[in-house]
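Since the structure comes first, as structure tokens, the remarks are kept for the end.
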Amino acid sequence: MTGNDIARVQAYLRQLLDNQKINVVAPPRKGATVELAVGSEVIGTVHRDEDEGETSFSINIIVLEEDLAPAAATETAAAAKPARSTRR
């Protein structure tokens with residue numbers, strides 16, 4: 001990805017997600033992976049793809065098990081939510 005690509009993707013994500021802490025970080029050496037961060041926390045990678053004359057950018061977000069709330073706490077919170085009525 002070029003520096004211009006990185007700046008454009010970063011601006012788009014900041015606007016789309018309404019978060020100025022989003023950073024698309026250029027790699028330290030050419031050809032290395034471009035990282036996606038929120039503040040100083042790296043949350044994934046950004047890749048550029050060209051296919052049949054069209055360019056797209058894909059984001060792979062990584063969620064580590066150790067960063068999640070314990071399963072029991074999540075299940076308890078989900079069970080506490082009231083059920084939605086499907087009647088109109």
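Please find the FRET efficiency linking Met1 to Ala69, where r is the Cβ-Cβ separation and R0 is fixed at 25 Å, and quote it to the nearest 0.05. Before the final figure, lay out each step's value.
Values: r = 34 Å, r/R0 = 1.35.
According to the calculation, E is roughly 0.15.
Using alpha carbon coordinates only, what is the Rg to Rh ratio of the range 3-80, with Rh defined as the Kirkwood radius?
Dividing the radius of gyration by the Kirkwood radius yields 1.10.
With an 8 Å cut-off on Cα pairs and a minimum separation of 6 or more residues, tell me the relative contact order of the range 3-80 in percent.
Working: 86 pairs, mean separation 12.5, N = 78.
So the answer I get is 16 percent.
Bear in mind these aren't lab numbers, they're just calculated from the coordinates by the rules spelled out. Predicted model only: the values in this text are computed from it and were never measured. Don't worry about glycine lacking a Cβ; one is built from the backbone with ideal geometry, like all the others, and counts go over all protein chains shown.
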